[in-house]
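Report on the following structure.
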């Protein structure tokens, strides 16, 4: 391992880095062979890809200009508005844009441990209500029905609302699953396992087909809201399992000691158990949130125009027909940017919290 | 209480046991459950009412009426006019087919990729990190859309892309060489049963005698092979290898995977191989470097270290996580509905739309998935507790 074949003249950080690189790529005979084979295979894939994406690509112009073999980035330029906002009235586009900004600000603020507190907790329902009013077209003459909402605001909105609404339910379910009350415990276990055993597509079909039949005739709830209610119930089971792991990490003695001091069950949970347990599970919750953001793309199955479905619909435009790969690449980049950032954040947070524990 | 001659506390009766289990706040709990049950009954009542209003009889009798749709591909023969029950069963078999194949392939690739990711070669390990991050951070549905558009964009059979000499990639699907046994389906089934029985019997015997080591494992494998071959020979079946070949405008022979099936399987395998690779990596890394060093100091060589020291400990981390990956894969196979593969969800959806019996159809769907999930996780839990205990006792 220590046999470096690099000349010694290289010094300092850059030198160490390049010697590590050299070691990692060509250090041993085996490494050299692997590097060459992989570089060859990679070339077979990457070179045509570069040819497609850059050399043969069309960057400006109309769809007629995109007759060549390469990518058509002119399509992205022309349809980006549609991919991001779908069928939302173009003259009111500032509304979904503001929703994106508001939700992004809320998420970024939630990511900073210094802001964790009651104010942030109160900001969540307030922002969600604000976004809802904004999308719905409040303060203007014409309300905008939810079947015209679409694109990135819908993805973010459904994600944020359902995650926020599912968390309190999840706390109750997790407490229920760990409680000594047999009836409630059985109920919680049955609920959690049933939800976790069902695919999300099935839940969305229930929202689309069964819920309208189950509600009384006078009460008509639109598709978006139905989907959001069912998704909330569905996700709460997953969040409950993560929270349960946090509850299990708190020694039983703490709750017993608090009970011995005369605190009631709810005071014990509120003052002793939950503050510690929830802190432990935050990285797990972030990972779960990443999975949920990706799962919102399933809304396409019941015909809601989320980001992915909007991208697909954009390539079905008769003027710009068939540029699916470009559209998918754009939304893949958006999803990747959000989720990769979040997963890095989760790792950072995990280390930070671990340090806090050690101190 | 009847007088008891033996000293010590009286054992609680059944009623008392139930009461202890039920715990405190008995009436409140009862009220909560009653309200929940009432709400459920009310909602179901509403559904039944609505169905009656649009003229649909609630119940499962529709399962026996004939379904007037075709299924693109199916394990069992199906044609329009067969019963809905058969259609749903065909869908279930499709789901099981893609899930089982997916789990198997994802495990093989995932383990290979996970181990390769620990390689000291920088290019290889970074490449695998890129693959894992890209796959983990984009929606599966998006990946499936990509695979299906790729599958549909493949050349026509006459200009098919040829891989490894006899795998054809065409826009009508993927053609693979097939291996099957000709003659005597009964004999084939019998030989499979005999083989499985031989494995089971030997495993049980081996477990009784001593923990599985290499010699007993070899004996089991050889015995199973011999049993199977003898059973095949007796039944008169013979193996046939068939290579796909171009004839006219199409490709004949071999095993044909439809574009939808190929896209779904590829998508699931690519996604879950990445997840399993991460699990395997985490599992192997969870075994401390000190253990490797200690084992080396004892004079064990690498193969022995992996088999005796690292794997038994890593598996304890890997098994439960992989199990939940399998369950997720089975559930995610339901995304087939978005790319047009006739799996259980897709057929349930068609059934609900054509008959209007959406409640019953969805009940079947959820019941089926719950059964699959609960039985699989029960199976894996048993295995898991055995692994954990064996590790503990040593």
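The values are calculated or read from the model by the stated rules, or taken from the named source; none is laboratory data. The model shown is predicted, which means the values in this text are computed figures rather than measured ones. Reconstructed Cβ throughout: ideal geometry from the backbone, glycine too, with neighbour counts over all protein chains shown.
Among the residues of segment B:141-155, those that are more than 7 Å from every other protein chain (Cβ to nearest Cβ) and in a helix (DSSP H, G or I) comprise B:143, B:144, B:147, B:148, B:150, B:151, B:152.
Return yes or no: is residue A:311 closer than 30 Å to residue A:205 by Cβ and either assigned to a helix (DSSP H, G or I) or more than 9 Å from chain B (Cβ to nearest Cβ) (or both)?
Against the criterion (closer than 30 Å to residue A:205 by Cβ and either assigned to a helix (DSSP H, G or I) or more than 9 Å from chain B (Cβ to nearest Cβ) (or both)), residue A:311 qualifies.
Does residue B:130 fit the bill of being part of a helix (DSSP H, G or I), modelled with pLDDT of 90 or more, within 12 Å of chain A (Cβ to nearest Cβ) and more than 19 Å from residue A:311 (Cα to Cα)? Taking the combined requirement at face value, the residue satisfies it. Of all residues in segment A:323-359, those being within 12 Å of another protein chain (Cβ to nearest Cβ), farther than 20 Å from residue A:152 by Cβ and not in a helix (DSSP H, G or I) number 0. Of the helices (runs of 4 or more DSSP H) that lie entirely inside segment B:296-362, those containing 3 or more residues that are within 13 Å of chain A (Cβ to nearest Cβ) and free of Cβ contacts under 8 Å to residues at least 60 places away in the same chain span B:311-332, B:344-355. There is no residue in segment A:260-272 that is crowded, with 21+ Cβ neighbours inside 10 Å, within 23 Å of residue A:111 (Cα to Cα) and more than 11 Å from chain B (Cβ to nearest Cβ). Could you tell me whether segment A:226-234 includes any residue that is within 9 Å of chain B (Cβ to nearest Cβ) and touching a helix residue (DSSP H, G or I) at 6+ places or on another chain (Cβ under 8 Å)? No - not one qualifying residue is present in segment A:226-234.
Any chance segment B:99-113 includes a residue that's assigned to a helix (DSSP H, G or I), within 12 Å of chain A (Cβ to nearest Cβ), in contact with a helix residue (DSSP H, G or I) (Cβ under 8 Å, 6 or more places away or on another chain) and farther than 30 Å from residue A:300 by Cα?
Taking segment B:99-113 and keeping what is assigned to a helix (DSSP H, G or I), we get B:99-113.
Within this subset, residues satisfying the condition of being within 12 Å of chain A (Cβ to nearest Cβ) are B:99.
Among the residues that remain, those that are also in contact with a helix residue (DSSP H, G or I) (Cβ under 8 Å, 6 or more places away or on another chain) are: B:99.
Checking the rest, the ones that are also farther than 30 Å from residue A:300 by Cα come to none.
The answer is no; no qualifying residue exists.
Could you tell me whether residue A:186 is within 14 Å of another protein chain (Cβ to nearest Cβ) and touching a strand residue (DSSP E or B) at 6+ places or on another chain (Cβ under 7 Å)?
Details: within 14 Å of another protein chain (Cβ to nearest Cβ): yes; touching a strand residue (DSSP E or B) at 6+ places or on another chain (Cβ under 7 Å): no.
No, not satisfied.
Looking at B:139, B:157, which one is crowded, with 19+ Cβ neighbours inside 10 Å and in contact with a strand residue (DSSP E or B) (Cβ under 9 Å, 6 or more places away or on another chain)? Show your work before the answer.
Details: B:139 fails: in contact with a strand residue (DSSP E or B) (Cβ under 9 Å, 6 or more places away or on another chain).
B:157 is the lone residue from the list that is crowded, with 19+ Cβ neighbours inside 10 Å and in contact with a strand residue (DSSP E or B) (Cβ under 9 Å, 6 or more places away or on another chain).
For segment B:258-280, the set of residues classified as modelled with pLDDT under 90 and within 29 Å of residue B:116 (Cα to Cα) is empty. All of (1) outside any helix (DSSP H, G or I); (2) facing another protein chain (nearest Cβ under 9 Å) hold for residue A:320 with one exception: (2).
Residues in segment B:19-45 that are loosely packed, with under 12 Cβ neighbours inside 10 Å and facing chain A (nearest Cβ under 7 Å): B:24 alone. Those residues that are in contact with a strand residue (DSSP E or B) (Cβ under 8 Å, 6 or more places away or on another chain) and in a loop (DSSP other than H, G, I, E, B), I need them from segment B:244-282; list them, please. Once the filter is applied, which keeps residues that are in contact with a strand residue (DSSP E or B) (Cβ under 8 Å, 6 or more places away or on another chain) and in a loop (DSSP other than H, G, I, E, B), segment B:244-282 yields B:244, B:253, B:254, B:258. The set of residues in segment A:39-73 that are buried (at least 18 other Cβ atoms within 10 Å of the Cβ) and either within 17 Å of residue B:116 (Cα to Cα) or touching a residue at least 40 places away in the same chain (Cβ under 8 Å) (or both) comprises A:63, A:66, A:71, A:72, A:73.
Can you tell me which of B:323, B:351 is more than 14 Å from residue B:99 (Cα to Cα) and in contact with a helix residue (DSSP H, G or I) (Cβ under 9 Å, 6 or more places away or on another chain)? Don't jump to the end; show me each part of the working.
On the way: B:323 fails: more than 14 Å from residue B:99 (Cα to Cα).
When all the criteria are applied, what remains is B:351.
Considering only segment A:279-295, I want to know if a residue exists there that is surrounded by fewer than 16 Cβ atoms within 10 Å (Cβ to Cβ) and more than 13 Å from chain B (Cβ to nearest Cβ). Yes: segment A:279-295 contains one or more residues that are surrounded by fewer than 16 Cβ atoms within 10 Å (Cβ to Cβ) and more than 13 Å from chain B (Cβ to nearest Cβ).
When segment A:179-195 is filtered for residues that are in a helix (DSSP H, G or I) and surrounded by 16 or more Cβ atoms within 10 Å (Cβ to Cβ), the ones remaining, listed by number, are A:182, A:183, A:184, A:185, A:186, A:187, A:188, A:191, A:192, A:193, A:195.
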